[in-house]
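Student: First the structure, which I've put down as structure tokens, then a few questions once you've had a look.
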Number of protein chains: 2
Amino acid sequence: VAEQREIADSTHTVAILSTGDEVVEGRTVDTNASYIADRVAQLGYDVVCKLVVGDFPDRLEWAWKTALAQADVVISTGGLGPTTDDLTNETLARVAGVDLVLDEAEVAKIRGFFARVGRPMPENNVRQAMLPAGSEVVPNNLGTAPGYRLAIPTDTRRPVGVVLPGVPREMRAMLEETVLPWLAARLGPARAVVSRTFQTFGMGESAIDEAVAGLVPPEEARLAFRAAFPQVAVRVSAHGTREEAERRVKLYGDKIAARLGSVIYAEGSTTMEACVGELLRERGKTLATAESCTGGMVGNRLTNVPGSSTYYIGGVVAYSNKLKEKLLGVSRTTLSMFGAVSEETAREMAIGARRVTGADIAVATTGIAGPDGGTPDKPVGTVAVALAADGYGEDGAKSKIYQLWGNREWVKVLTSQVALDWVRRALLGLNPLESGFGQKKGKR
Amino acid sequence: VAEQREIADSTHTVAILSTGDEVVEGRTVDTNASYIADRVAQLGYDVVCKLVVGDFPDRLEWAWKTALAQADVVISTGGLGPTTDDLTNETLARVAGVDLVLDEAEVAKIRGFFARVGRPMPENNVRQAMLPAGSEVVPNNLGTAPGYRLAIPTDTRRPVGVVLPGVPREMRAMLEETVLPWLAARLGPARAVVSRTFQTFGMGESAIDEAVAGLVPPEEARLAFRAAFPQVAVRVSAHGTREEAERRVKLYGDKIAARLGSVIYAEGSTTMEACVGELLRERGKTLATAESCTGGMVGNRLTNVPGSSTYYIGGVVAYSNKLKEKLLGVSRTTLSMFGAVSEETAREMAIGARRVTGADIAVATTGIAGPDGGTPDKPVGTVAVALAADGYGEDGAKSKIYQLWGNREWVKVLTSQVALDWVRRALLGLNPLESGFGQKKGKR
């Protein structure tokens, strides 16, 4: 906490204000605030809070006052449209104690905008150019509403309000072109925040926390975990001069990477399917899938990656036993002796998929995703995964049975992640049997 | 605004608090807050504000105090994990002026959770069961962090804090199962908000807006559109006594349903795949898939529905031409004459999938999802869909080519939605060729 305090010095704090009934009532997901927060945090600003309120004069005024009391820069989106429920300009004028004045240059621009699309300007669009006195315009080249910034000094502080429209593409362009350069200039060179992020799979958040405990002195760098299951991202960040922050992040990032080993599948924001795709492409290998309980999810994830047709051949969604036999050549004896959810069936699915498709590697899933279908012997979450490749076992495959948990969708997601991690490990020359979690019931 | 003011009386206000560095810094889009806001607004609550702060003790305390001062109910997400930067429980105890006490029943549940997955419980998970004294637990059946609610009375008011985890699927289940029923009961009978929601596919939001224009007098009921593409939900809601609100919603809901016709695929929150599954089950039909550009997404969506193994046999992810030939029997001549992305290939895929699997209905997709692979003749977004069933065309199939738009994932999502809508229409005896949007390039 001491270290966090240090980051929060008084000239680098930002509050983000989103306005609009549709945002506060959840009919629109507020992507503007996330976008702004991410961009200003990357610059090294400390985002103190985000606030969202609907289009009510009193609530807007409360939100502005609250935000200005918390941060040096308040960036607001929304409320700049031409209709009577667009209240940002008059609210900020009231909060700042200044008049609204017509910006003639902006009126001319709005008229020009309508002229270009061949329509007369509705008179209420003039409202969009009534800005609080003292504002410095942030040009909007994609729409009619100008943004602006306005200092709102108090006795002791000099916070600045930055006002942008709510239309995401207009807001983003104005942020990138005008606001971020201004914010960067305001910071000066001595202060940077640098970070490295590792994507992991196979350990829970608290297990990772324990594994890396003591590696990073809190006064040197900060560790953060972000579970977006099934992966957990580990981020190390440091601040100071750029050089110093980079040195620390390199040092402690390397220590974390060494400690976590093959549980880390990528650095940066890469997905497991992109990582697998990259390895397949690098090594010139092809992949096929044989999916039962995942129902197509593994193929779907693989094909979310642009260019996946160069390495992913396709496969079979063998949801019924009939298709397992007919398209993959799983033997009826195996199905009746061991059941559809068994290492034996999974192996024959993988081997069959490899044979039928001619792929270098084939991965297979079969399991009980629930909520029905569980038995005392094979409860919901019982999943077998197998991988067939050159030199794997006496029959060309490795397999393992997992006891996973959670609801249906969750079992599918985890299974698909384990299957992809098996492919990753196979391509790296690691043992797929060491992937993932869940109680091992056996392995071959 | 007048109507909103009327709703906003003082015992029905909610503030939503999201916590976590990853949310405030924009690395995660805050979908939790939108979800909660939408659900409580539907009940008739007035969402006063949303607040987002990072994992700092002083900021969390500030946010809780600010939110409790603004609303009767504060719903928070996040900060319930097992690590030291999870601070919600201790913050709320401090704000409420009570101690943290170990909830033995919840510790036992957490131990049980780890026992089921065959791992020892890390000791720091015990922290998750240290709850502010006086809390009433909101059970979490999907994870280890219990939620709770806690009254935090002041001299003049009696606001309540509701604490939920940040993991969306846990939060949603807990909100739906425990929190919303409690919030609904709290409202009492004299003040009801009643709504009906229709799920549609095939028209854009503004086209629907135009189609239903004038149907619903604004003083009688309120219309809202929520685009969660590819579907657009249309909600009609009314408030007043329950009886009166129900009468109006029935009346105007029926008018909307009659106007939109088969564009509506379900009432309520049903997904397209659940709707298709229900129809297949009712009619005792089986389905197979032959997917190229969707890569398994159609099968994945179908198998997200519990019990789908009773009607979904499986299929082939024929991502490569080789698998289209080998597993589905698409002729080499067709592939070379018309190309992989053509009505002809799609028809042979659907017919082949039906023949190979023995399913009553087979649906096929083939297209160019991009960003590469487009040609002047067949740009990115060119997609062919086909459906094979008894009595369809001279060869047993219908097909159509669409020009869709958007990025890779988007083209896949839209294509899978069109494919499922074709199955729905076929099962209802409607013409699949009337589904969806996108410029028609042809049909057979």
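Student: Could you go through segment A:378-385 and let me know if any residue there is more than 28 Å from A:G277 (Cα to Cα), surrounded by fewer than 24 Cβ atoms within 10 Å (Cβ to Cβ) and over 32 Å from the mean Cα position of the chain (by Cα). Explain how you work it out, then say what you get.
Tutor: Filtering segment A:378-385 for residues more than 28 Å from A:G277 (Cα to Cα) gives A:378-380.
Still in the running and surrounded by fewer than 24 Cβ atoms within 10 Å (Cβ to Cβ): A:378-380.
Now restrict to residues that are over 32 Å from the mean Cα position of the chain (by Cα): A:378-379.
Within segment A:378-385 (the criterion being more than 28 Å from A:G277 (Cα to Cα), surrounded by fewer than 24 Cβ atoms within 10 Å (Cβ to Cβ) and over 32 Å from the mean Cα position of the chain (by Cα)), the answer is yes, since at least one residue qualifies.
Student: Could you list, in sequence order, all residues of segment A:191-227 that are among the small types (G, A, S), in contact with a helix residue (DSSP H, G or I) (Cβ under 9 Å, 6 or more places away or on another chain), within 13 Å of chain B (Cβ to nearest Cβ) and surrounded by fewer than 21 Cβ atoms within 10 Å (Cβ to Cβ)?
Tutor: First, pick out the residues of segment A:191-227 that are among the small types (G, A, S): A:192, A:195, A:202, A:204, A:206-207, A:211, A:213-214, A:221, A:224, A:227.
Narrowing the set further to residues that are in contact with a helix residue (DSSP H, G or I) (Cβ under 9 Å, 6 or more places away or on another chain) leaves A:192, A:195, A:202, A:206, A:211, A:221, A:224, A:227.
Subset that is within 13 Å of chain B (Cβ to nearest Cβ): A:195, A:202, A:206, A:211, A:224, A:227.
Selection gives A:S195, A:A211, A:A224, A:A227.
Student: Taking segment B:168-212 as the search range and keeping residues that are at pLDDT below 90 and of a type in the set (D, E), which one is farthest from B:N141 (Cα to Cα)?
Tutor: B:E210
Student: Condition first: within 20 Å of B:W64 (Cα to Cα), more than 12 Å from chain A (Cβ to nearest Cβ) and surrounded by 15 or more Cβ atoms within 10 Å (Cβ to Cβ). Now tell me which residues in segment B:121-139 satisfy that.
Tutor: B:M130, B:L131, B:P132, B:G134, B:S135, B:V137, B:V138
Student: Looking at A:S342, A:S320, A:S292 in this structure, which one is within 7 Å of chain B (Cβ to nearest Cβ), out of contact with any Asp or Glu (no Cβ under 9 Å at 6 or more places or on another chain), over 22 Å from B:I368 (Cβ atoms) and of a type in the set (S, T, Y)? Walk me through how you get there before you give the answer.
Tutor: On the way: A:S342 fails: within 7 Å of chain B (Cβ to nearest Cβ); A:S292 fails: within 7 Å of chain B (Cβ to nearest Cβ).
Matching residue, one of A:S342, A:S320, A:S292: A:S320.
Student: If a residue counts only when it is among the polar types (S, T, N, Q), which helices (runs of 4 or more DSSP H) contained entirely in segment B:267-382 have at least 3 such residues? Before the answer, list the steps.
Tutor: Details: elements: B:272-283, B:297-302, B:321-328, B:332-338, B:343-357.
Correct list: B:332-338.
Student: May I ask you to list the residues in segment B:32-82 that are of a type in the set (D, E) and under 15 Å from A:V53 (Cα atoms)? Step through it out loud before you land on a result.
Tutor: In the first step, residues of segment B:32-82 are kept if they are of a type in the set (D, E); the result is B:38, B:46, B:55, B:58, B:61, B:72.
If the condition is that a residue be of a type in the set (D, E) and under 15 Å from A:V53 (Cα atoms), then B:D38, B:D46 are the ones that fit.
Student: Let me ask you something else. Output the residues belonging to segment A:276-293 that are buried (at least 23 other Cβ atoms within 10 Å of the Cβ) and either under 22 Å from the mean Cα position of the chain (by Cα) or free of Cβ contacts under 8 Å to residues at least 60 places away in the same chain (or both).
Tutor: Result: A:V276, A:G277.
Student: So which residues in segment B:140-160 are crowded, with 19+ Cβ neighbours inside 10 Å, of a type outside the set (A, V, I, L, M, F, W, C) and under 18 Å from B:P181 (Cβ atoms)?
Tutor: Scanning segment B:140-160 gives B:N140, B:P146, B:G147, B:Y148, B:R149.
Student: Taking the condition of being of a type in the set (A, V, I, L, M), over 14 Å from B:I75 (Cα atoms) and within 23 Å of the chain's Cα centre (by Cα), how many residues in segment B:152-206 meet it?
Tutor: As a first pass, look at segment B:152-206 and keep what is of a type in the set (A, V, I, L, M): B:152, B:160, B:162-164, B:167, B:171, B:173-175, B:179-180, B:183-185, B:187, B:190, B:192-194, B:203.
Going one step further and asking which of them are over 14 Å from B:I75 (Cα atoms), we end up with B:167, B:173, B:184-185, B:187, B:190, B:192-194, B:203.
Then keep just the ones that are within 23 Å of the chain's Cα centre (by Cα); that gives B:167, B:173, B:184, B:193-194, B:203.
Residues flagged as of a type in the set (A, V, I, L, M), over 14 Å from B:I75 (Cα atoms) and within 23 Å of the chain's Cα centre (by Cα) within segment B:152-206 amount to 6.
Student: I've got another one for you. Can you spot a residue in segment B:167-178 that is of a type outside the set (D, E, K, R) and away from chain A (no Cβ under 14 Å)? Reasoning before the result, please.
Tutor: Here is the first cut: in segment B:167-178, the residues of a type outside the set (D, E, K, R) are B:167-168, B:171, B:173-175, B:178.
Restricting the remaining residues to those that are away from chain A (no Cβ under 14 Å) gives B:178.
Yes, segment B:167-178 has at least one match.
Student: Which condition from (1) closer than 19 Å to A:L428 by Cβ; (2) more than 14 Å from chain B (Cβ to nearest Cβ); (3) surrounded by 20 or more Cβ atoms within 10 Å (Cβ to Cβ); (4) out of contact with any Ser or Thr (no Cβ under 7 Å at 6 or more places or on another chain) is the one that A:V263 breaks?
Tutor: (4)
Student: On to the next question. What is the number of the single condition among (1) facing chain B (nearest Cβ under 9 Å); (2) under 19 Å from B:D38 (Cα atoms); (3) buried (at least 24 other Cβ atoms within 10 Å of the Cβ); (4) in contact (Cβ under 8 Å) with a residue 40 or more places away in the chain that A:V52 does not meet?
Tutor: Failed condition: (4).
Student: On to the next question. Testing A:P371 on (1) under 36 Å from the mean Cα position of the chain (by Cα); (2) at pLDDT 95 or above, one condition comes back false. Which one is that?
Tutor: Status for A:P371: all satisfied but (2).
Student: Still on this model: Could you give me the residue pairs with C-beta distances under 8 Å whose first residue belongs to segment A:324-346 and is of a type in the set (D, E), whose second residue is in a helix (DSSP H, G or I) wherever it lies, and which are 6+ apart or on separate chains?
Tutor: Here the result reads A:E325/A:R332; A:E325/A:L335; A:E344/A:T334; A:E344/A:M337; A:E344/A:F338, each pair linking segment A:324-346 to a residue that is in a helix (DSSP H, G or I).
Student: Ok, one more. Among (1) under 23 Å from A:G406 (Cβ atoms); (2) surrounded by 22 or more Cβ atoms within 10 Å (Cβ to Cβ), there is one condition B:V117 misses while meeting the rest; what is its number?
Tutor: (2)
Student: How many residues does segment A:295-314 contain that are at the interface with chain B (Cβ under 7 Å from one of its Cβ atoms), buried (at least 24 other Cβ atoms within 10 Å of the Cβ), on the phi < 0 side of the Ramachandran plot and of a type outside the set (A, V, I, L, M)?
Tutor: Matching residues across segment A:295-314 total 4.
Student: OK, next. Return a yes/no flag: does segment B:67-81 have any residue that is over 30 Å from A:E210 (Cα atoms), assigned to a helix (DSSP H, G or I) and modelled with pLDDT under 90. Reasoning before the result, please.
Tutor: Looking only at segment B:67-81, we keep the residues that are over 30 Å from A:E210 (Cα atoms), and these are B:67-75.
Right, trim to assigned to a helix (DSSP H, G or I) and you get B:67-70.
Applying the additional criterion that residues be modelled with pLDDT under 90 yields none.
Taking every residue of segment B:67-81 in turn, none turns out to be over 30 Å from A:E210 (Cα atoms), assigned to a helix (DSSP H, G or I) and modelled with pLDDT under 90.
The values are calculated or read from the model by the stated rules, or taken from the named source; none is laboratory data. For clarity, every value in this text was computed on a predicted model and none was experimentally measured. Neighbour counts are summed over all protein chains in view; Cβ atoms, including those assigned to glycine, are modelled from backbone coordinates with ideal geometry.
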